[in-house]
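Taking it in order: structure first as structure tokens, then the write-up.
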Amino acid sequence: MVVLGIETTCDETAAALVERGADGRGRILSNIVLSQNDEHAAFGGVVPEIAARAHVEVLDLLIARAMQEAGLTFPQIDGVAAAAGPGLIGGVIVGLTTAKAMALVNQKPLIAVNHLEAHALTARLTDGVPFPYCLFLASGGHTQIVAVRGVGDYVLLGNTLDDAIGEAFDKTAKLLGLGYPGGPQVEQEATRGDASRFTLPRPMFARHDANFSLSGLKTALRLEAEKIAPLSDQDVSDLCASFQQAVVDVVSDRLRVGLRLFRERYGAPTALVAAGGVAANQAIGKALHKLAFQIGTRLIVPPPALCTDNGAMIAWAGAERLAAGLTDGLDIAPRARWPLEEVAGPRAMTDPHPASRI
Ligand code: KG4
Ligand code: ZN
């Protein structure tokens, strides 16, 4: 089964072709990502209208290239998948409408994929991880701990009450005059910094739920920076190191609780899986390794290019859904907001009270 996947929910335009074998194994045939970083850099964040227009300009060319690289023509594929949300609505409309047109013209099934579901299932494409596993999803828009029990069967164990982790990195970078996206730059600066120089809070530490809160940390950092302004290069590095250490401590603590909740409800997870752009952070990665080792499970972190937004994850999620008999009508609407636990699965269709699983 071969599926075309289209991703346009944020500032990456992406198209990919992925094959799913009868044994459930995945293979990427092509995976093309075009980042709009340069177009948004001057604004220190993604400008929705610029993003939507940029998607329109390049998407059809990108799809043609993905088809060409895979050496396939439309009659040879089995479905067309697009991220139908959550995300910036202008971009989502571009991707989903394009997918609908291609599905209609080529008489192929359409699969409307939830972007978070695609992040959640990537570890099955890269490592064939069996259900159920514990997912730590940390990106620019989301910070969640999720029990991934099956295709379309996701239970939220923890969530951020305010900023996402990637957003906190981006805002910290902006405050310190570093570029966008901020995560990699803050990480880079942190390698030269003293993490013990500034005392920053560890929000939500030791709470019994597995939720996050990051806006207080960002505010505390701003106050420390204001106290010592103007900032020298070393000050910036020390602030970055102190901030990153606080995030690492918070992630370890919150995930420890999330994994405990997972065990209590579903038994041992087959793995701890990290996804989303923040999973590329090495300090966070080290902490996740330690945590997985401590609880006796393995850590799966897909390669950075598959952790950040890409088309292969959408194509793969589309293939998993198609294999489960889940397709969508051409009347499906794009969604700016679409919580993971509202994603339909084969189970939800027979369960008269799907909400009771949450
Ligand atoms: O998953 P992603 O590519 O896009 C979505 O937000 O969906 O994640 C992008 C986010 C940005 O906030 C970026 O600053 C953050 O991931 N990020 C990092 C690192 N690389 C990317 N954060 C911390 N350390 C990194 N090395
Ligand atoms: Zn994402």
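What follows draws every value from the coordinates through simple rules; no lab data is involved. Because the structure is a prediction, the values reported are computed rather than measured. Reconstructed Cβ throughout: ideal geometry from the backbone, glycine too, with neighbour counts over all protein chains shown.
Tabulated data for the structure shown
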| quantity | calculated |
| --- | --- |
| Long-range amide H partners of THR160 with built H, under 5 Å | THR143, PHE212 |
| Rule-of-thumb Rg ratio for the chain [Cα; 2.2 N^0.38 Å; N residues] | 0.99 |
| Separation of the GLU226 and ASP249 label points, Cα + 7 Å toward Cβ, nm | 2.2 nm |
| Segment ARG260-ILE50, extension gain: residue separation times 0.36 nm, minus the distance between their alpha carbons | 71.4 nm |
| Descending principal axes extents, the range 167-253, alpha-carbon based, whole Å | 40, 25, 20 |
| Packing-based order for 327-337, 3-13, 299-309, using average beta carbon neighbours within 10 Å, highest first | 3-13, 299-309, 327-337 |
| Dipole axis of the range 131-302 (+1 Lys, Arg; -1 Asp, Glu on Cβ), positive-most option in PHE198, ALA220, LEU259 | LEU259 |
| Ranked by how many other beta carbons lie within 10 Å on average, peptides 35-42, 234-241, 273-280, 50-57 from highest | 273-280, 234-241, 50-57, 35-42 |
| Peptides 125-131, 310-316, 106-112 ordered by average Cβ neighbours within 10 Å, highest first | 310-316, 106-112, 125-131 |
| Degrees between helix 311-323 axis and first principal axis of the chain (Cα, 0 to 90, nearest 10) | 50 degrees |
| If the convex hull is drawn through the Cα atoms of the range 131-302, its volume per residue in Å³ | 102 Å³ |
| The chain: angle of helix 89-106 to the longest principal axis, Cα-based, in degrees nearest 10 | 20 degrees |
| Distance-filtered residues of the range 104-143 - backbone nitrogen under 13 Å, label point 7 angstrom along ARG207 Cα→Cβ | none |
| For the range 75-121 versus the range 247-271, the gap between their alpha-carbon centres in whole angstrom | 32 Å |
